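Coordinate-derived values only; no laboratory data. In this text the structure is predicted, and so the values were computed from the model without any measurement. For neighbour counting, all protein chains shown are included, and Cβ atoms are generated from backbone atoms with ideal geometry for every residue, glycine included.
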């Protein structure tokens, strides 16, 4: 009996990207009210409102309009803010009545590559205390090794 | 796929015991007794979890008199997988836009720089 979809059970999502910018600037892009609205969301989506109480335990709420005109609002709580290296927050879309749906935990890490930054976004679909602790320990050393590797590797043409 | 059905599925999956039950069923059908074995849990305790999984259509239970084996139903899991992939696209596209925005910001800073200053 083959069930490849069962990997969804422990589903976590990881996206990495190297940006041609120092991490202080990149961190500001994620945390500064003026900047976030300029890039957040899929192509064609426009941020229509954004409120942030940017401190550990503070909440945020943002709405964006799709190209079709529908409004999508999201909200969450900041769990960890370690400038300029890590940002952890909860993330839930609101339904049409404004009630938050399933909550996920997003961890964004910024690794220093000199003039560039390795951004790693990790989204835990299901939160368990043990997993968050585990991934954070493993994550830091993994990022450090990767950052070292990239720093010594040839980054021309990037 | 209705948002309500996805919420039901996600709530069902939010419990680590239920996820472990599904992982076990991925290896094949099992009875309630077999499923209860790895956990320090009573049969009524496991049955409660199975009811949640059944309501979310993540498992199906056989009708054979005493036995009623449980088996995994893939369709609901696939919906969750699709939902996770939509999140991935959301992030990838956002990071594409961030990349472009950064370039615009840095280009503007370069142009604004006073050549006499350096």
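Extension gain for residue A:34-residue A:127 works out to 30.4 nm (0.36 nm per residue, less the C-alpha to C-alpha distance). Put a dot 7 Å past the Cα of residue A:63, heading toward its Cβ, do the same for residue A:94, and the two dots end up 0.6 nm apart. If you fit an axis through the alpha-carbon atoms of helix B:3-13 and take the longest principal axis of the Cα set of chain B, what angle between them do you get, 0 to 90°, nearest 10? Roughly 70 degrees, rounded to the nearest 10. Between residue A:12 and residue B:43, the simple label model (points 7 Å from Cα in the Cβ direction) yields a spacing of 3.7 nm. Once you order the gyration tensor axes a ≥ b ≥ c over the Cα atoms, which shape class does region B:77-117 get: rounded for a/c under 1.5, otherwise prolate or oblate by comparing a/b with b/c? Here region B:77-117 falls in the prolate category. Per the Debye calculation on region A:21-64 with a single equal scatterer at every Cα and no solvent contribution, log₁₀ I(q)/I(0) for q = 0.16, 0.19 Å⁻¹ amounts to -0.46, -0.63.
Computed over the Cα atoms of region B:3-75, pair by distinct pair, the Kirkwood hydrodynamic radius stands at 12.3 angstrom.
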